Structures are given as structure tokens and as C-alpha cells.
Amino acid sequence: MHRARLSIDPAFTVGPVRRETFGSFVEHLGRCVYTGIYEPGHPEADERGFRRDVIDLVRELGVSTVRYPGGNFVSGYRWEDGVGPQHERPKRLDLAWHSLETNAFGLNEFVEWTRASGTEPMLAVNLGTRGTQEALDLLEYANGAEPTALVELRRSHGQEQPHDIRWWCLGNEMDGPWQIGHKTAHEYGRIARETAHGMRMIDPGLVLVACGSSSSGMPTFGEWERVVLTEAFDEVDLISAHAYYREGDDLPSFLASAVDMDHFIRSVSATADAVAAERKSTKRIDISFDEWNVWYHEEEDPAIVTGGAWPEAPRMEEDTYTVADAVVVGGLLVSLLRNTDRVRGASLAQLVNAIAPIRTEPGGHAWRQTTFHPFALTARHAAGEVLRVAIDSDRTTTNRFGEVDLVDAVATYDAATSSTTFFVVNRATDGETAVEVDLGRLGGSATLVEAVTFSSDDHQWRASAEDSHSVLPERNGSAVVADGALRVTLPAVSWTMIRLTAGDR
Ligand code: AHR
């Protein structure tokens, strides 16, 4: 039996639990939009074509913001194609995903869908093939209230009220050679600054996100952030981070993916702080972690996936996730919460079908993947303040990160309900771990509300259209609170949530 001991002190807070940490992402990629969230004629579709079964799952998942419309897609996108009468909208080649874009779904449908799903839109502008003027036009069309030509155009499209979109991404992954309109850091930093400057002239209160590196493995990582922020520091609020993980043949390293995410966040924060220091500025640039997930990327070239054809809404990047993948997703949420002082928002990439916790069949039903469960439970129960957790754990050796703790955890304390919630990952692949949590500093008596664990003897188990129920989060009967401590046994390769009501602080 492995061992770990966790301690918290309610005075040692990291920062607030931000609802924006539980954002997601809808890109025109594969079947995320078409036959994902939008399928006119489906038995569950409403009069606008929005699948109600998917909306129900999105609400259950607890998603806050939803980034749209890309991703790589946005770097070749003309937003005007997606507004106005649907029968007049042009079909276009989507070069990013080698697909045919019908434009039946666009900005106004998306905003209506966010209202229907109880989420908040986060929009990306095209700084690949387009520039500042088109971004300003889009902002004016979307959010304008004065009777300008663009606002009247929106009104003529049946959208009387401004959309009031607050979060805007200044392009997508512009450091990536695969991106249409790929730029050097200087080129991108300059267009980001100019575009942000114009957008702020329309509305100074927007949250503007500059593109950071598309991964920490990029050869330009670090230098890209430094140069972009040196150019655009005064105009932007946040810099983006993107990270995807996969199991490969090294399960221990995969289970420790949060070690990499922690390091990534620290590196980008340090670079942003160095730029601030150089400018003698007290302004702090934080992070929008607006793409993260487990992703078994099929092919670098999407034309290989489509066989050279240009299909509408092809089956693409439809990862079917294992229990181990879900444990890693839960672990990455631990990292995002632990870094809540620097991570202002995050987007699980993506929401439906493509790299997603929700899957659908065209004309058929929608179901939860394994990764749905840790996300939904964390989004529902993380509340109040994030607490620092001191971890004293047995260690394990990984190929990628060397020695790491077997157990990783974060805790939140919600004064409104006097509840403390732990989110704990057991990275052990070879047996159970006995965890003891010192509750002494919580004050008063703590009571166990629930402990649920997501795991399976077969950690390669996957949900499917036929069976998405055989492995679900289950009550962990080993959890007990006694003598000022919580004791719980965690199975190998598992994610656990433990909720307590605390005594007085
Ligand atoms: O989320 C899938 C793709 O990953 C996005 O389009 C792109 O931004 C990233 O490379």
C-alpha cells in the first residue's frame, strides 16, 4: 500500500475559484458544430436546430465560457459569411480542416446557442488572412448599440440587442507554421497591439487575449511570449496557453501531465512578469489557458484524413477516451485550480465530438465520455477560494518528469456553505494509496458529505454509444473522518472528489 499525507490551512489561499476556469471550445472542426450542437431535423432539435439533448449535457457538464469559432479554422474565416439569411450564405473551403463549410451556423446562431445552454461566448478574430479592420467590424456588428451601418445590419438579421461579448482572442496560434497567415512574433505582436488598440477604442472594458505559443514544445516558446508581450503589453490583458497530452507507451508520465502544466504556467507567468519588470510596470498579464485536453491527434495534414476530398462535417478527431484519460483530465483541472492566481480562464478543447467530453451520432443520441465526469464534478463543486495543499507523498519515477508525487491534490473552501472539497489524483499504476488528510486547522468538527472515485480495474475502458454507464463515479466507502483527520483509500489510476462540511474557521 502506498501512502500520502495532505495538509491544508484555510488561511493559505491561492485565489478565487473562477467560473471561467470551466470554459470549453466550439470550433468549426469535424462534427463539433454540425451534427454536434446543431442538427436541424434531429428529433431532439429545437426550432433553431439546436440539439436539446446536447444542451442538457452541456448544462450538466457545468461549462462557463465557450470559445468560438476556432482554433485553426478562424485563421481563414470570414465572419460575414455566417450572418444574414441562411439560404444566401456562401459555401467555402475550410483550409484548416480540409472540409466544406456551409456557413449555416455562424455568429448569431452561436450567441443564441450560448444563451440556450447557459454559457458565455468568447470570440476569436481572424488575424491570419484578415486584420484589424475586419476585427473592428466584427466587434461593432456584435456589440454595437449606436445606429451604424453594421449595427443596423445586425438588427436586420433579427438581432436587436447587442451581444455584449466580453472575452476576445486576438487570433489563434499565430506562432504555428500550420496556421494560415502564420507570423513571426514581431509581426504578430504588432497586429495584436494595433487590433487591441482599436477594439479598446470601441470598448475599453473588453478582456483581450494575445496568442501565446501553441505549445510549450514549440522551438520559439518563451521568446514568442517575450516579444509578443513587449509589443502588445499595454493593450492586452491575457496571454494564451495551449497544451494537449496523450498516453503513448508511458502511463506514469501521462498520469503526471499536471507537472508539465504547472511548469508551463510558471514559465509563461515568469516571462510576462519579466516583460513587466523591464517596463517598470505594475500591470500583471495573466493566462488564458484556452486549449487543453487529452488528444490523440490523427494526422498533421487533415487532407490525409479526408482522403483529399472536401467533405461537410467529416468525422475527424473523434477521440474515444479511456478511464486513464479521464484521470489525467481531472489532474489537469487540479493544476488549473492550483494556479488560479495566474490562470484567469481556461477552455477544455473541445466540447462535442472533436476532442470532446460529449459525443453524438447524427440522428442518434448523445452520451458522456469518461472525461465528462471529473470535469462535471469539479465544475459543480469547486467553489469559493482555492487552498494551498501541502503534499507529503510516496514518490514514483517517470521517464518524462523524473520523480513525482504519487498523489496530487487541490482543495477549495466555500465560506458561504462552510464546505471544503478535495480533488485528488492517485498516479500509482500498481496498487492502492492510503491518504490521510490533516483537518486540524479547519477548526471545529468536519463532517464527510460524500467521497466519489472514478476508476476501473480496466483503465483502458471507454464509453461508447451502446455503453456509457458501466464505469461511472462511485461512492468511495473507505472515506472516514475521525480524530481531526480524513482517511481514504484510493485505487490505482483514479480521480477522487471528497466533500466535507467544515467547522468554524
Ligand atoms: O483544438 C484543435 C486545434 O488544436 C485547434 O484548432 C488549434 O488551435 C490547435 O492546434
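Just a few scattered comments:
- Potential extension, Trp178-Thr447 segment - 0.36 nm per residue separation minus Cα distance: 91.6 nm
- Radius of gyration over Kirkwood radius for region 33-89, both on Cα atoms: the Rg/Rh ratio is 1.02.
- DSSP beta bridge pairing in the chain, given as percent antiparallel to the nearest 5: 60
- Accessible surface, region 144-247, averaged per residue in Å² (probe 1.4 Å): 41
- Relative to the 2.2 N^0.38 Å rule of thumb, region 383-498 has a C-alpha radius of gyration ratio of 1.16.
- For the chain, the calculated P(r), taken from all Cα-Cα distances in 20 Å bins from zero up to the bin holding the longest distance, is 23, 56, 21, 1 percent.
- Each Lys and Arg Cβ is given +1 and each Asp and Glu Cβ -1; about its Cα centre, region 106-166 then shows a dipole of about 120 debye.
- Portion, in percent, of the accessible area of region 342-468 that falls on carbon or sulfur, probe 1.4 Å: 41
- For region 247-309 versus region 1-37, the gap between their alpha-carbon centres in whole angstrom: 15
- Check: region 6-104 dipole with +1 on Lys, Arg Cβ and -1 on Asp, Glu Cβ, in debye: 180
- Based on protein heavy atoms only, region 1-104 ends up with 37 Å² per residue of surface accessible to a 1.4 Å probe.
- Dividing the Cα radius of gyration of region 155-211 by 2.2 N^0.38 Å, with N the residue count, gives 1.38.
- For region 340-415 and region 50-95, distance of Cα centres in Å: 25
- Rounded accessible area of Lys91 (nearest 10 Å², 1.4 Å probe): 130
- With a simple spin-label model that places each label point 7 Å from the Cα along the Cα-to-Cβ direction, the separation between Gln86 and Ala276 comes to 4.6 nm.
- A simple spin-label model places the labels of Asp164 and Leu93 4.2 nm from each other, with each point 7 Å out along Cα-to-Cβ.
- Computed [θ] at 222 nm, helices only, for the chain once each DSSP H run of length n ≥ 4 contributes -39500 (n - 2.57): -7500 deg cm²/dmol
- With 5 Å bins from 0: P(r) over region 437-484, alpha-carbon pairs, percent: 4, 16, 20, 15, 12, 10, 8, 8, 4, 1
- For region 3-71, the carbon plus sulfur part of the accessible surface works out to 50%, probe radius 1.4 Å.
- Cα-based equivalent ellipsoid, region 305-447: semi-axes from gyration tensor eigenvalues, Å: 34, 20, 14
- Highest average packing first - 67-79, 489-501, Cβ atoms within 10 Å: 67-79, 489-501
- Protein-only accessible surface at a 1.4 angstrom probe places the residues Phe110, Phe12 in the order Phe12, Phe110, largest first.
- Eigenvalues of the alpha-carbon gyration tensor of region 319-386, scaled by 5 and square-rooted, set the equivalent ellipsoid semi-axes at 25, 12, 11 angstrom, largest first.
- Region 220-373 shape via C-alpha gyration tensor axes, a/c threshold 1.5: prolate
- When its C-alpha radius of gyration is set against 2.2 N^0.38 Å (N residues), region 76-234 gives a value of 1.08.
- Rg over Rh, two decimals, region 104-184 (C-alpha only, Kirkwood Rh): 1.02
- Spin-label model, Ala434 to Asp9: label points 7 Å out along the Cα-to-beta-carbon direction sit 2.7 nm apart.
- 17 Å cut-off, amide nitrogen to a point 7 angstrom out along Thr417 Cα→Cβ, residues in region 43-69: 60-64
- Cα centroid separation, region 125-173 to region 425-458 (Å): 48
- In this Cβ point-charge picture (+1 for Lys and Arg, -1 for Asp and Glu), the chain has a dipole of about 1020 debye about its Cα centre.
- Kyte-Doolittle mean at least 1.6 and Cα axial length at least 20 Å: DSSP H helices in the chain: 323-338
- In the complete set of protein chains, residue-level accessible area for Asp273 is approximately 60 Å², probe 1.4 angstrom.
- Shown for region 189-259: the carbon plus sulfur share of the solvent-accessible area, taken with all protein chains present and a 1.4 angstrom probe, equals 53%.
- On a per residue basis, region 260-368 carries 32 Å² of accessible surface, using protein heavy atoms and a 1.4 Å probe.
- Computed FRET value (nearest 0.05) for Ser156 with Arg284, which takes r as the C-beta separation and R₀ as 56 Å: 0.85
The values are calculated or read from the model by the stated rules, or taken from the named source; none is laboratory data. On a predicted model such as this, the values are computed, not experimentally measured, just so you know. So basically every Cβ, Gly included, is an ideal-geometry build from the backbone, and we count neighbours across all protein chains shown. All accessible areas refer to the heavy atoms of the entire protein, side chains included, with ligands and DNA or RNA removed. Shrake-Rupley method; radii C 1.70, N 1.55, O 1.52, S 1.80 Å.
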